[in-house]
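The values are calculated or read from the model by the stated rules, or taken from the named source; none is laboratory data. Model, not experiment: these values are computed from the prediction. Using ideal geometry, Cβ is built from the backbone for each residue, glycine included, and neighbour counts are taken over all protein chains shown. Note: areas computed on protein heavy atoms with side chains; ligands, DNA, RNA excluded. Shrake-Rupley method; radii C 1.70, N 1.55, O 1.52, S 1.80 Å.
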Amino acid sequence: MKKNVLSIVAILALSLSVLAQGGDEKVKTKGIPGNRGAEHIGFTVPNLKEAVDFFENVIGAEVLFEIGPFASDDNWMEEHLNVHPRARIPKAAFVKCANGANLEIFEYESPDQVKRLPKNSDWGGHHIAFYVDDMAEAVKYLKSKGVKVQGEPITMTEGPNAGVSWVYFLSPWGMQLELVSYENGQAYEKTTTKRAFTPKKL
């Protein structure tokens, strides 16, 4: 009898374990199966050499490799990249930016190319934010490199992101970038166990 009870307990424990794993599995596979997060951010610049120099020597990114050229006589570029069929990529660079997502930087030539950067208010408007440990030190550094910083850092004092300090700055070709820091966390963290991704300190 004792042996049977132990067997039943073991089966129940195994069943609960399987159910629990199944529950976890549902959470893990919500959305795209196997999705781990943003691996890289891709964007197009007017001059790849200028952009790589800025990200490498001002931002501090590490150039991993360059690829290209890419072009096609058929509709491959349109079919796979959603660009003009005669669009051409002379070269692209893949760079690692400290502890966050990688950056894939393109230089394009295309018959229908729009040579104007979108504003944040435009469809497709965007910016890349870099987490820093010391906002004042980071701003001082950017200014010493001749980088245009848009105003002074702002610290949020209300709302779920209270505690966040941020400031926008511009690349030499006008792309909008941002510094962000929150040494003591953000207000939303007090009301939930959910956490946004923050690059770990190197």
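Mind listing just one residue for me: the one in the stretch 149-202 that is aromatic (F, W, Y) and part of a loop (DSSP other than H, G, I, E, B) and, of those, surrounded by the most Cβ atoms within 10 Å (Cβ to Cβ)? Here the residue is Y182.
Which residue out of N102, N120 is at pLDDT below 95 and either closer than 22 Å to A38 by Cα or among the aromatic types (F, W, Y) (or both)? Break it down into steps so the answer makes sense when it comes.
On the way: N102 fails: at pLDDT below 95.
Among N102, N120, only N120 is at pLDDT below 95 and either closer than 22 Å to A38 by Cα or among the aromatic types (F, W, Y) (or both).
For the stretch 40-56, does any single residue satisfy the condition of being on the phi > 0 side of the Ramachandran plot and either free of Cβ contacts under 8 Å to residues at least 12 places away in the same chain or open to solvent by less than 70 Å² (accessible area, probe 1.4 Å) (or both)? Looking through the stretch 40-56, none of the residues is on the phi > 0 side of the Ramachandran plot and either free of Cβ contacts under 8 Å to residues at least 12 places away in the same chain or open to solvent by less than 70 Å² (accessible area, probe 1.4 Å) (or both).
Within the stretch 144-158, residues that are farther than 25 Å from A187 by Cβ have Cβ atoms under 8 Å from residues that are surrounded by 11 or more Cβ atoms within 10 Å (Cβ to Cβ) and basic (K, R) in these pairs: V149/K143, counting only partners at least 6 apart in sequence or on another chain.
Residues of the stretch 129-148 that are of a type outside the set (S, T, N, Q) and open to solvent by 50 Å² or more (accessible area, probe 1.4 Å): A129, Y131, D133, D134, A136, E137, K140, Y141, K143, K145, G146, K148. Number of residues in the stretch 170-193 that are of a type outside the set (F, W, Y) and within 12 Å of P160 (Cα to Cα): the value is 7. Just one of (1) farther than 17 Å from F54 by Cα; (2) in contact (Cβ under 8 Å) with a residue 40 or more places away in the chain; (3) not in a strand (DSSP E or B) fails for Y108. It is (3). Taken over the stretch 85-105, the criterion of being open to solvent by less than 40 Å² (accessible area, probe 1.4 Å) and either aromatic (F, W, Y) or not in a strand (DSSP E or B) (or both) is satisfied by P85, A87, F94, C97, G100, A101.
When the criteria are applied in full, V114 fails the requirement of being open to solvent by less than 90 Å² (accessible area, probe 1.4 Å) and either at pLDDT 95 or above or more than 27 Å from P46 (Cα to Cα) (or both).
The set of residues in the stretch 59-84 that are surrounded by 15 or more Cβ atoms within 10 Å (Cβ to Cβ) and assigned to a loop (DSSP other than H, G, I, E, B) comprises A61, S72, V83, H84.
Can you pull out the residues in the stretch 187-202 that are in contact with a Lys or Arg (Cβ under 9 Å, 6 or more places away or on another chain) and either touching a residue at least 12 places away in the same chain (Cβ under 8 Å) or of a type in the set (S, T, Y) (or both)? Can you show your working first?
From the stretch 187-202, those in contact with a Lys or Arg (Cβ under 9 Å, 6 or more places away or on another chain) are 188-189; that's our starting set.
The answer is Y188, and nothing else.
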